[in-house]
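What follows is calculated from the coordinates using simple rules that are stated; it is not laboratory data. Owing to the predicted nature of the structure, the values given are computational and were not obtained by experimental measurement. All Cβ positions, even for glycine, are placed from backbone atoms using ideal geometry, and neighbour counts span all protein chains on display.
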Amino acid sequence: MTRRTGTIAPDYFDALYSAKGDPWGFSTSQYERDKYEATLGALGRQHYGRALEVGCSIGIFTRRLASRCDALTAIDASVVAVEAARRACADCGNVSVELGMVPSGFPDGRFDLILLSEVLYYLDVADLWRVADRCAETLAPDGEVVLCHWLGETDYPLTGEQASDLFAEAIVKRLPSRAILNGETYRLERLSRP
């Protein structure tokens, strides 16, 4: 399989969501349900003031994460996915779903939690490093970053393991504490300051 070389553009995701509303089976897959439980279990605190979810897709996990946050900003690069996420979270008064692609569309403000689940491997190395910089700049002093990436083969610019390791390398001086909590089918980890 030939790997893509550049960051994948939003139209790739719009085409997937337009063809099939839930292209990865987020609402039906047992794998996804188990991963969501593990991700919630990976959070270092029971509650966060302000959180950011990058790559919210159709909002299935967003709804679950919202109960652990005072305010949750969820972004996705796909117009189609953002519309679906807004519908899914319409009754969640603490959730704002926005169209945005990182690194250029990284929201302003300070976050206690930044979740990057199944997104970093869509980026090329330069964009991944820019995302790491923005995470470090916007993370509250006692905040944490949680990463989750599937480890199977794809044609994305990076593998899940590469994306995870490159991000940790890019941010290690600012978030030196790294806990890998799962490394089998997917890599789940939490990065923070000591």
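Laid out as a table, the results:
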item: Other-chain or far-sequence residues with amide H under 5 Å of Leu115's (modelled H); result: Leu52, Glu53, Val54, Val146
item: Alpha-carbon gyration tensor eigenvalues x 5, square-rooted, for the chain, Å; result: 22, 21, 16
item: Full-stretch length increase - Val79, Asp108 - with 0.36 nm per residue and alpha-carbon distance subtracted; result: 8.4 nm
item: Residue of Cys135, Cys92, Cys56 that the Gaussian network model of the chain assigns the largest fluctuation, springs spanning Cα pairs under 10 Å; result: Cys92
item: Karplus-derived 3J(HN,Hα), 6.51/-1.76/1.60, for each residue of segment 124-140, Hz, glycine and proline x; result: 7, 4, 4, 5, 4, 5, 5, 5, 4, 4, 5, 4, 5, 5, 9, 6, 4
item: The chain - charge dipole about Cα centre, Lys and Arg +1 at Cβ, Asp and Glu -1, debye rounded to 20; result: 400 debye
item: Phi to ³J(HN,Hα) by Karplus 6.51 cos²θ - 1.76 cosθ + 1.60 over segment 157-168, Hz, x for Gly, Pro; result: x, 10, 7, x, 5, 4, 4, 4, 5, 5, 4, 4
item: Where a label projected 7 Å from the Cα of Glu169 along Cα→Cβ would reach, residues of segment 106-121 with amide N under 18 Å; result: 120-121
item: Within the chain, longest stretch free of exposed GluC sites (Glu not before Pro) [DSSP loop, at most 16 other beta carbons within 10 Å]; result: 1-152
item: Sequence-distant residues sharing a close amide H with Asn182 (under 5 Å, placed H); result: Leu188
